[in-house]
Structure formats: C-alpha cells, structure tokens
Amino acid sequence: IKNGEVKLYVEGYNTITDGTSYVYDDVDKEEPNAAIFSKDDLTLKGAGTLIVNANFNDGINCNDDLKISSGTLDVTAVDDGLVGNESIEVNGGNITVKSQGDCLKATEEDDDKKGDIQIDGGTLDLTSDNDDGMSAYRLVEINDGTLIISAKSQGIKSDNEVFINGGVIEVTECKEGIEAKSVNLIGGSFIGYASDDVLNATMGERTESNDGSEIIISGGTHSLSASNGGSVDSNGT
C-alpha cells in the first residue's frame, strides 16, 4: 500500500496469517516485510478484533507513522511485533504482542524529531522472547494506559529519552527495566523486576567518569527490584 495515509477499520473477528517465506519482484527492497505492511502512515481503528500471525518477519510494519486508536489487536511474530519507522502512537484499544524481536519498535535515526513511541491510553500486554518490550531511537513517552511487559533484554529502551508521565506500568521480567540516556519518572506507577538494573541511564558504554546520562525522579509511585544489579543505576547524574 502506498501514496497516502492508510486507515484500517476493524469490525467483527478477523485473522491475517502469512507464510514463512516471501517472493520479491525487487530483491534489493525486500518489501513487504510484514503480514500487514504500508509504505506510508497506517491507522488502526474500529471495535472489532484483529489477530495477526506473522510467520516470516514482522507482524505490522509501516514506513511512516503507526497509530492505534481502538479495538482488540493480537499479534504473534517471529521478529518484531509492531513497527512504525517514524513513530508509534497508541491512544486506546487492547493490544497483545508476542514476538521474538521487539514488541514495539520505532526505528528512524536520520530525523531528530522522529523515532518515537507514545502511549496515551489502552491496555498493552507485551512479551518479547529475545529482545525489548519497547525500543525507540529518540523517545518513549507514556502518559496513560496500562502496560504489562516481559522481555528478554530491556523492558523499555530508548537511545535518547524515556518519560513516564502517567499510566500503570509493570515490567515483570527483563534484564533492564528502563534504559536510556535520560530516564525521567514524573508521574504514574512503575513496577519493575530486573535481573540487572531496573533503571539504567547510560550513553552506551561503561565509563569510570560521568558520561552525561541522567535519571530524574520527580513524582509518581514506583517499586524497583533488582536481583543482580542496581535498582537505580546511572553512569551520569
């Protein structure tokens, strides 16, 4: 699908399943790479249920902005679950993702105003067997909603900033609960259980001196439990 915004309205009960291999006209592009794929913005709406079984690669992938407003979405993927190259925005709905890669992923690195994941509502149950619950290049921002995350690696990860402004978030299993250059807990409720660090601020490399990263806790109710690391671990301030 290309040339404009795509709106997918879901009614009733629906299942989309792809095969374990794709045949491409242009092997250099390798598109599509997901059971549901869009070259442009993709918005999911409606009160119905959509089951996505991705046997080749990603569950849902779009090159621009992915928005989810309502409905029930259940994605199982052999790689990433939901990918919005420029951004992912969730405003509502019941979302379940089980993936081998990242559950939610925003990948844009060339534009300093993109590469975001924003959660403004809804219920999300995210399980990653080999990678992160959420992974964004620029920003992960959670303002509302209920999230349960189990991940092999990081529960919530950003190459730059994470803001927890509201909502109820529980990371039941992970290596690190939240990892970014700047970790900000401003409101809401965050419960994290980690095998290493629950909150980890890092510029990406271990150093003996202040690397410029930071953890700022200014509000909310938070419970942090680390079995073999630090509940709060900053390589900076």
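The values are calculated or read from the model by the stated rules, or taken from the named source; none is laboratory data. Please read these numbers as outputs of a predicted model, since none were measured by experiment. Cβ placement follows ideal geometry from the backbone for every residue including glycine, while neighbour counts extend to all protein chains displayed. Heavy atoms of the whole protein, side chains included, go into the accessibility calculation; ligands, DNA and RNA do not. Shrake-Rupley method; radii C 1.70, N 1.55, O 1.52, S 1.80 Å.
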Any residue on another chain or 5+ positions along whose placed amide H is under 5 Å from the amide H of Gln118 is listed here as Ile88, Glu89, Val90, Glu141
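Length gain on complete extension for the stretch Val27 to Glu11, per 0.36 nm per residue less the alpha carbon to alpha carbon distance? Display every interim value, and only then the final one.
Numbers: separation 16, 0.36 × 16 = 5.76 nm, distance 3.47 nm.
Here the answer is 2.3 nm.
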Quick shape summary for the chain, equivalent ellipsoid via Cα gyration tensor, semi-axes whole Å in descending order, reads 30, 19, 16
Among segment 145-168, those whose backbone N falls under 20 Å of a label point 7 Å along Cα→Cβ from Thr221 are 145-149, 164-168
Yeah, segment 133-207 with a ≥ b ≥ c from its alpha-carbon gyration tensor (a/c under 1.5 is rounded, else prolate when a/b outruns b/c, oblate otherwise) is oblate
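Provide the per residue accessible area, probe 1.4 Å, for the chain, rounded to a whole number of square angstrom.
Using a 1.4 Å probe on heavy atoms only, each residue of the chain averages 45 Å².
Whenever you get a sec, line up Asp58, Asp25, Asp129, Asp233 from highest to lowest accessible area (probe 1.4 Å, protein heavy atoms). All intermediate terms of the calculation are to be shown ahead of the outcome.
Working: Asp58 5, Asp25 170, Asp129 85, Asp233 40 Å².
The most accessible residue leads, giving Asp25, Asp129, Asp233, Asp58.
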Relative contact order in percent for the chain (Cα pairs under 8 Å, 6+ apart) equals 11 percent
